[in-house]
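The values are calculated or read from the model by the stated rules, or taken from the named source; none is laboratory data. Quick caveat: nothing in here was measured; it's all calculated off a predicted structure. Here the Cβ is made from the backbone with ideal geometry for all residues, glycine too, and neighbour counts use every protein chain on show. Heavy atoms of the whole protein, side chains included, go into the accessibility calculation; ligands, DNA and RNA do not. Shrake-Rupley method; radii C 1.70, N 1.55, O 1.52, S 1.80 Å.
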Amino acid sequence: MINNDVLRSIRYMLDLSDNKVVEIAHLADPAFALEKDDVRAFLLKEDEPGYVACRDAVLAHFLDGLIIHRRGRDESLPRRPVEKRVSNNVVLKKLRVAFELKDVDMHQVFEDAGLPVSKPELSALFRQPGHKNYRPCGDQLLRNFLKGLTLRVRGA
């Protein structure tokens, strides 16, 4: 899925302002260069003037910051390095951690979106890429997850 679409979906889901998106990204790394104008450009549609493609680094910082924003920072653990490449599986994992979703919750989110997922399918999405049962998360699956999570967070 396009990073801009993921950012747009999460921003809508949590009803975040442009400033709040910047604040959340800075929770992961205060030195990360991101401004309100950058966020505005990321949120534009592809055919609108001023549109800028959201880099993996921006989305990774935002997702890591979202985990800290929703769960708090655990000072006893060392800071994790920010992901270099953000795949749909990484987005799914980060959102699962940020919203503290268990397997039952994940199944319910997918079901609410109208796309039930079996236990083996779900566990395959969270495997390491080299594992024999690893399954890449497709755009439609992530889109449905974001839709179901939005219904859960914002209410039906």
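Just one of the listed residues (82, 91) is β-branched (Val, Ile, Thr) and modelled with pLDDT of 95 or more, and it is 91. For residue 73, the stated conditions hold: it is in a loop (DSSP other than H, G, I, E, B), touching a residue at least 12 places away in the same chain (Cβ under 8 Å) and closer than 24 Å to residue 20 by Cα. Is there a residue being farther than 19 Å from residue 137 by Cα, without any contact (Cβ under 8 Å) to a residue 12 or more places away in the chain, open to solvent by 10 Å² or more (accessible area, probe 1.4 Å) and outside any helix (DSSP H, G or I) anywhere in region 95-108? Looking through region 95-108, none of the residues is farther than 19 Å from residue 137 by Cα, without any contact (Cβ under 8 Å) to a residue 12 or more places away in the chain, open to solvent by 10 Å² or more (accessible area, probe 1.4 Å) and outside any helix (DSSP H, G or I). Answer yes or no as to whether residue 86 is open to solvent by less than 30 Å² (accessible area, probe 1.4 Å) and either acidic (Asp, Glu) or outside any helix (DSSP H, G or I) (or both). Yes; evaluated as a whole, the condition is true for this residue. Just one residue in the set 109, 104, 117 is under 20 Å from residue 7 (Cα atoms) and among the hydrophobic types (A, V, I, L, M, F, W, C); that residue is 109.
Residues that are of a type in the set (A, V, I, L, M) and assigned to a helix (DSSP H, G or I) within region 25-54 comprise 25, 27, 28, 39, 41, 43, listed in sequence order.
Checked against the criterion of being β-branched (Val, Ile, Thr), more than 30 Å from residue 134 (Cβ to Cβ), open to solvent by less than 40 Å² (accessible area, probe 1.4 Å) and not in a loop (DSSP other than H, G, I, E, B), the candidates 91, 58, 6, 22 yield just one match: 22. Filter region 116-156 down to the residues that are open to solvent by less than 70 Å² (accessible area, probe 1.4 Å) and assigned to a loop (DSSP other than H, G, I, E, B) and list them by number. Result: 117, 118, 126, 134, 137, 138, 155.
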